[in-house]
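The structure appears below as structure tokens.
Just so it is clear, none of the values below were taken in a lab; they were calculated from the coordinates. Remember, it's a predicted structure, so these values are computed and weren't measured experimentally. Quick reminder, even Gly has a Cβ in these numbers, built from the backbone with ideal geometry, and neighbours come from all protein chains shown.
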Amino acid sequence: METRRRLLVLMTPPTVWLVVLFILPLILMAVFSFRAGSFAPERDQFTFDTYREYFSNPAYLRRLAESGWVALQTSLLSILFAYPLAYFLAFRAGPMRVTLLTILIVPAWTSYLLRILAWKIILGSNGALATFLLSIGVMQEAAPVLLYSPAAVIITLVYSWIPFVTLPIFSALERIDKRLLEAAADLGCAPWEAFLRVTFPLSLPGVIGGFFFVFIPTLGEWVTPALVGGTYRMYGNSIQEQFVRALDWPMGSLMSLVMLAVVLLLTALFSRVGRISDLAGA
């Protein structure tokens, strides 16, 4: 009974916090999605008009697919850059690993908005990239390089997320028993073969965790496209415009719920892959 009482005391605050700040807003969005438009005379009536409008307009689903593609590219590129960094920290950094890990995390302590604006300056007409291209003769006059394009959005997002992808991969690599690599070497495995057969499969849970650290927030990203994307818009921008500019809260709520459903579906699929990888690693 004492253990149950302690468990109840520990679990009550986070449960209340989750219900008030996550479950209730989701319920409110679901209720709003069945209302008519904000300016309709019958706005308080129950209707499926918003659902019919959403699924009959391919532009909404196309914007979601495009944002999913950008989120996928950002996630894969972040893993591609973060994995060698995490590998070096886990197997080669030695006593310097904590110092190097701290240096890696320090930029994330600054404002996210400032980091985006820094990339806007770097990619702008008078930025470092344009200046370098002018100095080597590639460009004849100052002009923005990659700015206000999907490429600028992906570059900025990859830079912002690399530290957060490195941490779970580093944690997974650090848990690997080094004796397994020694055994692989004794059995005649080359270093690259030991990496493919031992190191990488055992680090897959960290890779999957890092993937979701990037993919989920990037799918609903709207700040970065608004600042460095120019006219390029992602799904999150469309949701923000429905709530703020169009004042169409039913459509904004429905778009948010659709995005949440996509994320939950992908999470369920990848969590199953993660369990399979754990069995393979064992």
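Counting beta carbons within 10 Å around each of 33, 149, 125, 56 and listing the fewest first gives the order 56, 125, 149, 33. Please label the shape of region 1-150 as rounded, prolate or oblate, based on the square roots a ≥ b ≥ c of the eigenvalues of the alpha-carbon gyration tensor (a/c under 1.5 means rounded; beyond that, a/b larger than b/c means prolate, else oblate). Here region 1-150 falls in the oblate category.
Loop sites by DSSP among the trypsin sites (Lys or Arg not before Pro) of the chain, restricted to those with at most 15 other Cβ atoms within 10 angstrom, leave 93-174 as the longest stretch without any of them.
Given +1 at the Cβ of Lys and Arg, -1 at the Cβ of Asp and Glu and no other charges, the dipole of the chain around its Cα centre is 460 debye to the nearest 20. The residue among 105, 69, 134 whose Cα reaches farthest toward the positive pole of the charge dipole of region 66-281, with charges on the beta-carbon of Lys, Arg, Asp and Glu, is 105.
Among rounded, prolate and oblate, which fits region 66-281 when a ≥ b ≥ c are the square roots of the eigenvalues of its C-alpha gyration tensor, a/c under 1.5 means rounded, and a/b larger than b/c means prolate? Taking the square roots of the gyration eigenvalues as a ≥ b ≥ c, region 66-281 is oblate. A run of the chain free of exposed loop cleavage sites, with GluC sites (Glu not before Pro) counted only in DSSP states other than H, G, I, E and B and at most 16 other beta carbons within 10 Å, reaches its longest extent at 142-282. When 177, 248 are sorted by how many other C-beta atoms sit within 10 angstrom of their C-beta, beginning with the fewest, the order is 177, 248. Here the extension length gained between residue 26 and residue 175 equals 49.9 nm, from 0.36 nm per residue of separation less the Cα-Cα distance. The residues 134, 265, 157, when put in order of fewest to most other Cβ atoms within 10 Å, stand as 265, 134, 157.
If you take the Cα centroid of region 195-257 and the Cα centroid of region 56-114, the two points sit 13 Å apart. In terms of the mean number of neighbouring beta-carbon atoms within 10 Å, the peptides 208-216, 18-26 order highest first as 208-216, 18-26. Annotation note: chymotrypsin sites (Phe, Trp or Tyr not before Pro) in region 44-130 located in DSSP loop regions with a Cβ neighbour count of at most 14 within 10 Å are 48.
Computed from label points 7 Å out along Cα-Cβ, the spacing between residue 247 and residue 185 is 7.0 nm. Computed from the Cβ-Cβ distance with R0 of 41 Å, the FRET efficiency linking residue 133 to residue 49 stands at 0.20.
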